[in-house]
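Asks: Sharing a structure below in C-alpha coordinates format, with a few things to ask.
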Amino acid sequence: MKSAGSRASRGRGAPRKKDGEAEGAVSVSPTYLEIYAAVERVPCGCVATYGQVARLAGLPGRARQVGYALHALPPGSPIPWQRVVNARGEISLPGASAERQRRLLRAEGIEFDERGRINLRRFGLPG
DNA sequence: ACTGTGACTTTCA
DNA sequence: ATGAAAGCCACAG
(Lines give C-alpha, C1' and ligand atoms only; values in the text may rest on other atoms or scores of the structure.)
Protein backbone atom coordinates (compact mmCIF):
# COMPACT_ATOMS: atom_id res chain seq x y z
CA MET A 1 0.00 0.00 0.00
CA LYS A 2 2.27 2.77 0.79
CA SER A 3 5.13 1.56 -1.36
CA ALA A 4 7.82 3.69 0.17
CA GLY A 5 5.63 6.70 0.26
CA SER A 6 6.77 7.76 3.70
CA ARG A 7 9.81 9.58 2.64
CA ALA A 8 8.61 12.95 3.72
CA SER A 9 11.03 13.23 6.58
CA ARG A 10 14.15 13.91 4.65
CA GLY A 11 16.43 15.90 6.89
CA ARG A 12 14.48 19.08 7.46
CA GLY A 13 10.75 19.11 7.90
CA ALA A 14 10.34 20.83 4.63
CA PRO A 15 7.07 19.80 2.97
CA ARG A 16 8.18 21.86 0.03
CA LYS A 17 10.00 19.65 -2.37
CA LYS A 18 11.81 21.06 -5.30
CA ASP A 19 13.44 18.01 -6.63
CA GLY A 20 11.43 18.21 -9.80
CA GLU A 21 9.21 15.35 -8.81
CA ALA A 22 10.59 12.33 -7.09
CA GLU A 23 7.84 9.75 -6.99
CA GLY A 24 4.81 11.31 -5.39
CA ALA A 25 3.99 14.01 -7.90
CA VAL A 26 3.52 16.95 -5.61
CA SER A 27 6.09 19.38 -6.83
CA VAL A 28 4.22 22.38 -8.11
CA SER A 29 3.23 25.25 -5.88
CA PRO A 30 -0.28 25.29 -4.41
CA THR A 31 -0.93 28.36 -6.49
CA TYR A 32 -0.50 26.39 -9.68
CA LEU A 33 -2.74 23.63 -8.39
CA GLU A 34 -5.45 26.14 -7.61
CA ILE A 35 -5.13 27.57 -11.08
CA TYR A 36 -5.31 24.18 -12.72
CA ALA A 37 -8.30 23.26 -10.58
CA ALA A 38 -10.04 26.46 -11.58
CA VAL A 39 -9.47 25.77 -15.26
CA GLU A 40 -10.94 22.33 -14.85
CA ARG A 41 -14.02 23.96 -13.39
CA VAL A 42 -14.69 25.74 -16.66
CA PRO A 43 -17.66 23.95 -18.26
CA CYS A 44 -17.34 22.53 -21.73
CA GLY A 45 -18.58 24.85 -24.44
CA CYS A 46 -17.56 27.90 -22.43
CA VAL A 47 -14.41 29.97 -22.17
CA ALA A 48 -13.02 31.93 -19.25
CA THR A 49 -10.60 34.84 -19.16
CA TYR A 50 -7.33 34.69 -17.30
CA GLY A 51 -8.71 37.11 -14.75
CA GLN A 52 -11.78 34.98 -14.18
CA VAL A 53 -9.69 31.86 -13.75
CA ALA A 54 -7.46 33.68 -11.31
CA ARG A 55 -10.51 34.74 -9.38
CA LEU A 56 -11.97 31.23 -9.39
CA ALA A 57 -8.65 30.01 -8.10
CA GLY A 58 -8.89 32.46 -5.24
CA LEU A 59 -6.12 34.62 -6.68
CA PRO A 60 -7.74 37.88 -7.73
CA GLY A 61 -5.45 40.14 -9.69
CA ARG A 62 -2.99 37.41 -10.56
CA ALA A 63 -4.15 36.80 -14.10
CA ARG A 64 -0.58 36.88 -15.27
CA GLN A 65 0.30 33.93 -13.16
CA VAL A 66 -2.54 32.01 -14.69
CA GLY A 67 -0.97 32.44 -18.08
CA TYR A 68 2.39 31.40 -16.74
CA ALA A 69 0.92 28.36 -15.02
CA LEU A 70 -0.83 27.26 -18.19
CA HIS A 71 2.34 27.78 -20.16
CA ALA A 72 4.05 25.42 -17.75
CA LEU A 73 1.49 22.73 -18.44
CA PRO A 74 2.97 19.63 -20.01
CA PRO A 75 1.57 18.30 -23.28
CA GLY A 76 -1.25 15.85 -22.81
CA SER A 77 -2.31 17.32 -19.51
CA PRO A 78 -5.95 16.78 -18.47
CA ILE A 79 -6.28 20.51 -18.04
CA PRO A 80 -8.55 22.15 -20.64
CA TRP A 81 -6.14 25.04 -21.09
CA GLN A 82 -7.78 25.90 -24.42
CA ARG A 83 -10.81 27.25 -22.57
CA VAL A 84 -8.79 30.14 -21.23
CA VAL A 85 -8.57 33.29 -23.31
CA ASN A 86 -7.73 36.91 -22.63
CA ALA A 87 -10.20 39.57 -21.51
CA ARG A 88 -10.83 40.61 -25.10
CA GLY A 89 -12.12 37.16 -26.00
CA GLU A 90 -9.06 36.58 -28.11
CA ILE A 91 -6.38 33.96 -28.01
CA SER A 92 -3.16 35.20 -26.49
CA LEU A 93 -1.02 32.41 -27.82
CA PRO A 94 1.38 33.02 -30.69
CA GLY A 95 0.55 32.01 -34.26
CA ALA A 96 0.76 28.22 -34.49
CA SER A 97 -0.37 27.63 -30.93
CA ALA A 98 -3.24 30.03 -31.43
CA GLU A 99 -4.54 28.02 -34.34
CA ARG A 100 -4.27 24.85 -32.30
CA GLN A 101 -6.25 26.36 -29.45
CA ARG A 102 -8.76 27.78 -31.87
CA ARG A 103 -9.33 24.39 -33.40
CA LEU A 104 -9.86 22.81 -30.00
CA LEU A 105 -12.36 25.47 -29.00
CA ARG A 106 -14.20 25.13 -32.29
CA ALA A 107 -14.50 21.42 -31.57
CA GLU A 108 -16.26 22.35 -28.35
CA GLY A 109 -18.75 24.57 -30.11
CA ILE A 110 -17.02 27.93 -29.61
CA GLU A 111 -17.49 30.33 -32.49
CA PHE A 112 -15.02 32.91 -33.71
CA ASP A 113 -15.68 36.07 -35.65
CA GLU A 114 -13.69 37.39 -38.59
CA ARG A 115 -11.16 38.92 -36.27
CA GLY A 116 -10.71 35.62 -34.50
CA ARG A 117 -12.47 36.80 -31.40
CA ILE A 118 -14.98 35.05 -29.18
CA ASN A 119 -18.16 36.69 -27.97
CA LEU A 120 -17.74 36.39 -24.23
CA ARG A 121 -21.39 37.38 -23.91
CA ARG A 122 -22.33 34.04 -25.36
CA PHE A 123 -19.46 31.71 -24.64
CA GLY A 124 -18.11 33.33 -21.52
CA LEU A 125 -18.75 31.94 -18.09
CA PRO A 126 -22.36 32.17 -16.95
CA GLY A 127 -22.96 34.87 -14.45
C1' DA B 1 19.54 38.59 -3.56
C1' DC B 2 18.49 41.15 -7.97
C1' DT B 3 16.78 41.68 -12.70
C1' DG B 4 14.25 40.53 -16.65
C1' DT B 5 10.42 38.29 -18.62
C1' DG B 6 5.68 36.82 -19.36
C1' DA B 7 -0.48 32.42 -22.71
C1' DC B 8 -2.72 39.27 -18.27
C1' DT B 9 -6.08 42.98 -16.39
C1' DT B 10 -7.78 47.33 -15.70
C1' DT B 11 -7.92 52.22 -15.95
C1' DC B 12 -7.19 56.60 -18.07
C1' DA B 13 -6.42 59.77 -22.17
C1' DA C 1 -11.75 52.37 -31.50
C1' DT C 2 -6.35 52.54 -29.99
C1' DG C 3 -2.47 53.17 -26.83
C1' DA C 4 0.27 53.84 -22.71
C1' DA C 5 0.94 53.09 -17.78
C1' DA C 6 0.54 50.78 -13.45
C1' DG C 7 -0.31 46.56 -10.83
C1' DC C 8 0.59 41.78 -10.04
C1' DC C 9 3.53 37.56 -8.96
C1' DA C 10 6.29 33.16 -10.19
C1' DC C 11 10.16 31.44 -12.64
C1' DA C 12 14.87 31.59 -14.97
C1' DG C 13 19.54 33.34 -15.34
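Asks: Of A:73, A:33, A:93, which residue is within 9 Å of DNA strand B (Cβ to nearest atom) and within 10 Å of the chain's Cα centre (by Cα)?
Replies: None of the others qualify; the one that does is A:73.
Asks: Looking at region A:94-112, which of its residues are at pLDDT 95 or above and part of a loop (DSSP other than H, G, I, E, B)?
Replies: Result: A:108, A:109, A:110, A:111, A:112.
Asks: Okay, moving on. When residues of region A:41-64 are filtered for being more than 16 Å from residue A:123 (Cα to Cα), surrounded by 12 or more Cβ atoms within 10 Å (Cβ to Cβ) and not hydrophobic (A, V, I, L, M, F, W, C), how many remain?
Replies: The total comes to 3.
Asks: Out of region A:72-85, which residues are away from DNA strand C (no atom under 15 Å from the Cβ) and either part of a loop (DSSP other than H, G, I, E, B) or touching a Cys at 6+ places or on another chain (Cβ under 6 Å) (or both)?
Replies: Correct list: A:75, A:76, A:77, A:78, A:79, A:80.
Asks: Moving to a separate point now. Quick one: is residue A:88 assigned to a loop (DSSP other than H, G, I, E, B), at pLDDT below 95 and within 15 Å of DNA strand C (Cβ to nearest atom)?
Replies: no
Asks: Also, I was wondering about something else. Starting from region A:104-127, keep only residues that are free of Cβ contacts under 8 Å to residues at least 40 places away in the same chain, then list their pairs with residues that are of a type in the set (S, T, N, Q) whose Cβ atoms are within a distance under 6 Å, requiring at least 6 positions of separation or different chains.
Replies: A:104/A:82
Asks: Does any residue in region A:51-66 that is touching a residue at least 60 places away in the same chain (Cβ under 8 Å) come within less than 7 Å, Cβ to Cβ, of a residue that is more than 9 Å from DNA strand C (Cβ to nearest atom) and part of a loop (DSSP other than H, G, I, E, B) six or more places away or on a different chain, and which pairs are these?
Replies: A:52/A:125
Asks: Does residue A:65 satisfy the condition of being within 12 Å of DNA strand B (Cβ to nearest atom), farther than 20 Å from residue A:105 by Cβ and not aromatic (Phe, Trp, Tyr)?
Replies: yes
Asks: Output the number of residues of region A:27-70 satisfying the condition of being near DNA strand C (Cβ under 10 Å from one of its atoms) and outside any helix (DSSP H, G or I).
Replies: Within region A:27-70, residues that are near DNA strand C (Cβ under 10 Å from one of its atoms) and outside any helix (DSSP H, G or I) number 7.
The values are calculated or read from the model by the stated rules, or taken from the named source; none is laboratory data. None of the values given here were measured: they were computed from a predicted structure. Don't worry about glycine lacking a Cβ; one is built from the backbone with ideal geometry, like all the others, and counts go over all protein chains shown.
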